[in-house]
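Here the structure comes first, spelled out in structure tokens, and everything after it is commentary.
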Amino acid sequence: MQERARKEPVFDDFDQRPKYAEESPIGGRNRMRESSRYEPASKPAVKQAAPGIGGLGPGARVKHASFGVGTVEEVDGEGLSRKLVVRFGPGVGLKKVLARFIDKA
């Protein structure tokens, strides 16, 4: 009965173990964690607010790339985190958007 025992492991097409000693002992799932895909140089630049957007207040007419033209109703925050509540046209309604994604209309 002991004669059937093999000293070499048996591999098939579905085996995920490394077949050769040179291969990394890290499994297929962990291989992506080993090599970082994040490169700081590839990080997109933060969009800055258009000049004059900082002075916008309630009643100002503004334009958004997706929502169109609207009227500012509320302002909250400062700098890059400045938020505007804008009432856009029919079908869009009231939206809270970051000021850096708004242009003067």
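The values are calculated or read from the model by the stated rules, or taken from the named source; none is laboratory data. What you see is a predicted model; the values in this text were computed from it and never measured. A quick note on method: Cβ atoms are made from the backbone with ideal geometry, for glycine too, and the neighbour counts reach across all protein chains shown. With ligands, DNA and RNA removed, areas are computed over all heavy atoms of the protein, side chains included. Shrake-Rupley method; radii C 1.70, N 1.55, O 1.52, S 1.80 Å.
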Exposure ranking of 103, 13 by accessible area [1.4 Å probe, largest first]: 13, 103
What residues qualify as long-range amide H neighbours of residue 60, i.e. H under 5 Å apart, gap of 5 or more or another chain, H built at 1.01 Å from N? 72
Listed by chain and number, the residues whose amide H is under 5 Å from that of residue 67, excluding neighbours fewer than 5 places away on the same chain and using placed H, are none
Hey, quick one: spin label on residue 45, modelled 7 Å out along Cα-Cβ, who in the range 79-105 has an amide N within reach, i.e. under 11 Å? none
Return the FRET efficiency for the residue pair residue 103, residue 74: r is the Cβ-Cβ distance, R0 is 22 Å, and the value is rounded to the nearest 0.05. 0.75
How large is ³J(HN,Hα), in whole Hz, for each residue of the range 81-95 in order, when computed from phi with the Karplus curve 6.51 cos²θ - 1.76 cosθ + 1.60 and θ = phi - 60°, using x for Gly and Pro? 9, 5, 10, 10, 9, 10, 9, 8, x, x, x, 10, x, 7, 9
